[in-house]
Structures are given as structure tokens and as C-alpha cells.
Amino acid sequence: MAHYALIGGRSIPHLTDFTLEEKIFSHLNIRPNQILFIPLAAYPKMDDAIRKFKALVPKNYTVDCLTNFQDKIDVALAIHNSDVIYFSGGCAEELVRLVREYKIDHILEAYKDTEKLFIGISAGAILFSKFGMGDRYSYKDKGHNYNYQMVEGLGILPITICPHYDHNGLDCYNEEVKNYPYDGYAIEDDTAILFQGSPIIFKQDNKKSVYLFDSNNTYLMSPIYEVKK
């Protein structure tokens, strides 16, 4: 089965720190030959997202960046030839819309039973979930952020998520999660969840956390601790 890693976000101290991803690679015992970066969530500023991703990834990895989505055969071939498919952050609504418009969702579905690793950060993480808390319409007033809204993803993983959970105002997820019949995960920056049977947690910053809202236990909130090898 394919593996799905959801990253909550990346804080300023870790903008060029790839150790979180490398922890995931190590746990899966893989050394990727080809990482495919898909910056659709950053549309139309994909070039900027590509520049930042190339600055993030160490030079000993081979990275291909997908920017032409018109030819479904080329897109399918790029995914087929890659060990890791990495969806960028940005606007979750636009990402889901464009993935469906270009029929990339059909390609992703076809690879669910393979050993590929799919990584999504922020909006990219929402893509794989049933629903995720997006910030497209959020605004700040008197030092507090408001109007975060849930975004429907592809539903490959039967969960809801809240990326950037350590950001101002996202405690609104604590109540919103109860409106959906799925387990919820609040993922702070510099942390990740790998779904491989049970969720496995990885951190760059030990002060950050990932929380489970258990749908079978009145959405009781509890921390999930990092895997130790």
C-alpha cells in the first residue's frame, strides 16, 4: 500500500531543514531515487515554490518539478517514475480544484496499492484528507485570526486535519472537528504524521505537538508522541 505523510507546516527556523522528511525516509527504509515536487497549491506563483523547495532539499537527492499539467500521459509518467510525490503548501481550495481539473486525482487513485510515498505539506496535507482547516478567507482583527474554514480534500485518508495548529486562531478546530464523523488530527508546524496502519509521528522541534481528536470518544483531544527507533 502507498504511504501518506502529512506535514503541518514549516516554521522560519526550519525553512531549509529537510531532516523531517529524512526521518520519514529512514523509518520506511527508503532512499528515494527521484522526488517529484508538485507546486499546484502555489499557483500562479509556482516558480517561487520551486525555488524554495530546491533550496530545502539536499543536493544528494534528484528532484523533478512538475509544472505542465495539460498532458495527462506526461503527468502519469512523472508520477510513475518517482519514489516520492510531494505536494506543496499554498491554497488548499485551488489545489483540490486543479488536481480534479487535470484529472490528477484519478492518477493518485491508481497508485494507492503501490509502495510510493506521498507527502503533503499544509494545503498538500489537506489534499489527501476528507476535510482540512484552510486559511484562504482568514483575517486578523485586534491581534486575533478569524474565519478559518474547512476545505474538502480528495478523501484518500478518512480523517480531518488542521495544519499549522500552533498558529493564532486555529483552536477553532477543536469544535469544528466534531461536525465530521472522522478522527481529527491537529498538526503543528515542524511535525508530521505518517499513515502506515496506525499514525506515526515525527518532529523537528520537540516543543511542537500533534493531537488526535478521537471520533469514537467524543472527540477527546490527546497528544500523539513521536516514534523512537
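If R0 is 41 Å, the Cβ-Cβ spacing of Tyr111 and Lys140 corresponds to a FRET efficiency of close to 0.55. Build a GNM of the chain with springs between Cα atoms under 10 Å apart, and of Gln204, Gln149, Gln70 the one that fluctuates most is Gln70.
Listed values for the range 123-138 are Karplus-derived 3J(HN,Hα) couplings in whole Hz (6.51 cos²θ - 1.76 cosθ + 1.60, θ = phi - 60°), namely 4, x, 5, 4, 3, 7, 9, 5, 8, x, 7, x, 10, 4, 10, 6, and x replaces Gly and Pro.
Counting helices only, and only those DSSP H runs with n ≥ 4, report the 222 nm mean residue ellipticity of the chain as the sum of -39,500 (n - 2.57) divided by its residues, in deg cm²/dmol to the nearest 500.
On the way: 7 runs with 57 residues, N = 229.
Here the helix-only value at 222 nm equals -6500 deg cm²/dmol.
Taking the range 1-125, how much of its Cα-Cα pair set, in percent, is spaced more than 22 angstrom apart?
Values: 2197 of 7750 pairs.
In whole percent, the share of Cα-Cα pairs in the range 1-125 beyond 22 Å is 28.
So which of Lys54/Lys103; Lys23/Lys54; Lys72/Lys112; Lys103/Lys130 end up more than 21 Å apart by C-alpha? As for pairs spanning more than 21 Å Cα to Cα, those are Lys54/Lys103. Largest accessible area first, the listed residues Lys130, Lys207, Lys52 line up as Lys207, Lys52, Lys130 when surface is computed with a 1.4 Å probe on the assembled protein chains. With Rh defined as the Kirkwood radius, the inverse of the mean 1/r over Cα pairs, the Rg/Rh of the range 122-220 is 0.95. Taking a straight line from the alpha carbon of Lys208, these aspartates and glutamates sit under 19 Å away, with near neighbours fewer than eight places off in the same chain left out: Asp17, Glu21, Glu22, Asp166, Asp171, Glu188, Asp189, Asp190, Glu226.
Spatial offset of the range 180-229 relative to the range 9-80 amounts to 23 Å, using the alpha carbon center of each. Length gained on full extension, Val57 to Asp17: 13.6 nm, using 0.36 nm per residue less the C-alpha separation. In the chain, the ratio of gyration radius to Kirkwood radius, Rg to Rh, stands at 0.94 when only Cα atoms are counted. Which one of Phe37, Gly134, Leu108 is farthest out on the positive end of the charge dipole of the chain, using unit charges on Cβ (Lys, Arg +1; Asp, Glu -1) and the Cα centre as origin? Going by the Cα projections, it comes out as Phe37. Averaging 1/r across all pairs of distinct Cα atoms in the range 109-152 and inverting the result yields a Kirkwood radius of 12.4 Å. Among the protein heavy atoms, those of Asp214 account for about 50 Å² of accessible surface (1.4 Å probe, every chain in place).
Ranked from the most accessible area to the least, with a 1.4 Å probe and all protein chains present, what is the order of Glu226, Glu152, Glu176? Mind showing how you got there, number by number?
Numbers: Glu226 30, Glu152 105, Glu176 55 Å².
Largest accessible area first, the residues go Glu152, Glu176, Glu226.
The values are calculated or read from the model by the stated rules, or taken from the named source; none is laboratory data. For clarity, every value in this text was computed on a predicted model and none was experimentally measured. Positions of Cβ are generated from backbone atoms using ideal geometry, with glycine treated the same way; all protein chains shown enter the neighbour counts. These accessible areas exclude ligands, DNA and RNA; they are computed on the full protein's heavy atoms, side chains included. Shrake-Rupley method; radii C 1.70, N 1.55, O 1.52, S 1.80 Å.
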